[in-house]
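Written below as structure tokens is the structure these notes are about.
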Amino acid sequence: MGSYIDIPAADGSGQFRAYLAVPASGKGPGIVLAQEIFGINEFVRATADYYAEEGYVVLAPDLFWRQQPDVDLGYSPEDWQRAFALYQGFDPDLGVADIGATLGVLRALPEFEGKAGVLGYCLGGKLAYLAACRCDVDVAVGYYGVGIEASLEEAANIRGRLVLHVAEHDKFCPPPAREAIFAALGARPGVELYLYPGVDHAFARPASEHYHKPSARVAHERSVAAMREAIGPQYDLSALWDKHCEYEFGTRNVDDTMATMVAQPYVNHIPTMTGGVGYEALHRFYSDHFVNANPPDTRLVPISRTVGATQVVDEMLFCFTHTCEIDWMLPGVPPTGKYVEVPLVAIVKFRGDKLYHEHIYWDQASVLVQIGVLDQEGLPVAGIESPRKLIDETLPSNTLMRSRA
């Protein structure tokens, strides 16, 4: 997706390359992406592209250029040795100066508008912290930064927002270092410190042996939330989700539905494991098993909605008469003609202004009871009483519990 541009060093000693990724809109706030010790490799480029999808103009500078330009390493034992050798010869003060030069070029790009921040991983996590202390940035986000504890006296210079993600079992940030960081920064306004229990260094890099997807997802949500608040861009996720639902259940147009989504989205209906991963699979699922397969009287009754920085959580009633086979909810069950109301929750994730994925939950046992294929006698399940109590909380509670004398 990206390209390379040249950055003049601030001290006049030369120039270095930076990987540039631009959002589909062509403009946006800016992020300087500070590398790990492996150079501008596939992970850095993919991360830049990822944040471009979130709406940012991203520049990832080659911070090892003074030792060896265009470093692009993998994670083999040999590459690890080369990476550590480069790290040992790296001057972090010059690295921060190069980040400052990159920020200057970023702000001069025609694609840039608004404000700018720094995002970094590992070595880049420390540099993101130092950039918050030394550079004109509105927000800085560091993942498992190495050596931050040695520069805590600079924290008084932080002017923008700072977010640090710390791994509990990170041997490069052992407990004494972590405790010093939290003690020095924890009470500072505009600083957010997050500890991720049970995970190790590089938990957010998919190629890492320590990759932990749940923690990586939570960290990303927190990072983008801070960036959205500090530098934008702002999107009306509620309206975007409403438009997607209109195409799904109103006009029932698959192509229009897919047009509201990223290039490779996914949908997962948790109780029945139906949906699709990737454009082709999801388009086929929508065409053959969802958009055109819901009963004519299908309707959604909104109950509540929570809108975050990158996602919408919708609570609703899903109502229909079972007059046709509903592949995604009741696969293989012939129409029963029964009317159904079921509480349903949708967790809808966005990248920028496009829908990335849906996690959909509902009470399958209640559906099965209401269509008459599950006898609730003696089972801790409810039928239409469940959605009725959602609407009217004063209806009886604990009706499934055994009474005690």
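The values are calculated or read from the model by the stated rules, or taken from the named source; none is laboratory data. Here the structure is a predicted model, which means the values were calculated and not measured. Quick reminder, even Gly has a Cβ in these numbers, built from the backbone with ideal geometry, and neighbours come from all protein chains shown. The area values use the complete protein model at the heavy-atom level, side chains included, leaving out ligands, DNA and RNA. Shrake-Rupley method; radii C 1.70, N 1.55, O 1.52, S 1.80 Å.
Please give the length that would be gained between residue 273 and residue 113 if that part of the chain were fully extended, namely 0.36 nm times their separation in residues minus their C-alpha to C-alpha distance (nm, one decimal).
Details: separation 160, 0.36 × 160 = 57.60 nm, distance 4.18 nm.
Fully extending the segment from residue 273 to residue 113 adds 53.4 nm.
Among 328, 361, 253, which residue has its Cα positioned farthest towards the positive end of the charge dipole of the chain, with +1 placed on the Cβ of Lys and Arg, -1 on the Cβ of Asp and Glu, and the dipole taken about the Cα centre?
Highest projection toward the positive end goes to 361.
Of the lysine pairs in the chain, how many meet both conditions: Cα atoms under 27 Å apart, and a spacing of 8 or more in sequence or different chains?
Number of lysine pairs found: 15.
Could you check the simple spin-label distance between residue 67 and residue 251, using points 7 Å along Cα→Cβ, in nm with one decimal?
Distance between label points: 5.5 nm.
Could you please state how large a percent of the accessible area of the range 109-157 is carbon and sulfur, counting protein chains only and using a 1.4 Å probe? Working shown, then result.
Values: 650 of 1410 Å².
The computed percentage sits at 46.
What nm value, rounded to one decimal, do you get for the distance between residue 229 and residue 6 when each label is placed 7 Å out toward the C-beta?
My value for the distance between the label points is 4.2 nm.
How much length is gained on full extension from residue 393 to residue 17, taking 0.36 nm per residue of separation minus their Cα-Cα distance?
Working: separation 376, 0.36 × 376 = 135.36 nm, distance 6.12 nm.
Value of the extension gain: 129.2 nm.
Which whole-number value in Å² is the accessible area per residue of the chain, probe 1.4 Å?
On the way: 18000 Å² over 405 residues.
Roughly 44 Å² per residue, with all protein chains present.
Out of all DSSP beta bridges in the chain, what portion is antiparallel? Express it as a percent rounded to 5. Walk me through the intermediate numbers first.
Details: 42 of 72 bridges.
Bridges in the chain that DSSP calls antiparallel: roughly 60 percent.
Order these peptides, 343-349, 187-193, 26-32, by their mean beta-carbon neighbour count within 10 angstrom, highest first. Walk me through the numbers on the way to the answer.
On the way: 343-349: 19.9, 187-193: 12.9, 26-32: 22.3.
Top to bottom by mean Cβ count within 10 Å: 26-32, 343-349, 187-193.
Please give the net charge around residue 318, taking every other residue with its beta carbon less than 9 angstrom from that of residue 318, where Lys and Arg add +1 and Asp and Glu add -1.
On the way: positive: 299; negative: 341.
That sum, taken over residues with Cβ under 9 Å, equals 0.
So, R0 is 60 Å and r is the distance between the beta-carbons of residue 85 and residue 287; what FRET efficiency does that work out to, to 0.05?
Values: r = 54 Å, r/R0 = 0.89.
Efficiency at R0 = 60 Å is approximately 0.65.
Once both labels are modelled 7 Å past Cα along the beta-carbon direction, what's the residue 182-residue 264 spacing in nm?
Each label point is offset 7 Å from its Cα along the Cβ direction, giving 3.7 nm.
Tally up the carbon and sulfur contribution to the accessible surface of the range 39-92 as a whole percent, 1.4 Å probe, everything protein left in place.
Details: 1170 of 2290 Å².
The C+S portion of the solvent-accessible surface of the range 39-92 is 51 percent.
Of the listed values (i) 62, 51, 36; (ii) 69, 51, 39; (iii) 77, 56, 40, grab the one calculated as Cα extents along the principal axes in Å from the structure here.
Given (i) 62, 51, 36; (ii) 69, 51, 39; (iii) 77, 56, 40, the structure-derived one carries the label (iii).
Expressed as a whole number of Å, what is the distance separating the alpha-carbon centroids of the range 53-101 and the range 315-352?
Cα centres, the range 315-352 to the range 53-101: 50 Å.
Give me the net charge for the shell around residue 68: Cβ to Cβ below 11 angstrom, other residues only, Lys and Arg +1, Asp and Glu -1. Mind dumping the intermediate values first?
Numbers: positive: 66, 82; negative: 62, 70, 72.
Net of charged neighbours comes to -1.
To the nearest 20 debye, what is the magnitude of the charge dipole of the chain about its Cα centre, counting +1 on the Cβ of each Lys and Arg and -1 on the Cβ of each Asp and Glu? Numbers along the way, then the final one.
Values: 32 positive and 52 negative charges, 114 e Å.
The dipole magnitude comes to about 540 debye.
Okay, which of the range 285-300 sit inside 13 Å, backbone N to the point 7 Å along the Cα-Cβ direction of residue 323?
Answer for the range 285-300: 294-299.
Take each of the peptides 390-396, 115-121, average the number of other beta-carbon atoms within 10 Å over its residues, and list them starting from the highest.
On the way: 390-396: 9.7, 115-121: 26.1.
Ranked by mean Cβ neighbours within 10 Å, highest first: 115-121, 390-396.
Using a Gaussian network model on the chain with a 10 Å cutoff between Cα atoms, which of 101, 52, 365 fluctuates the most?
Looking only at 101, 52, 365, the biggest GNM fluctuation is shown by 365.
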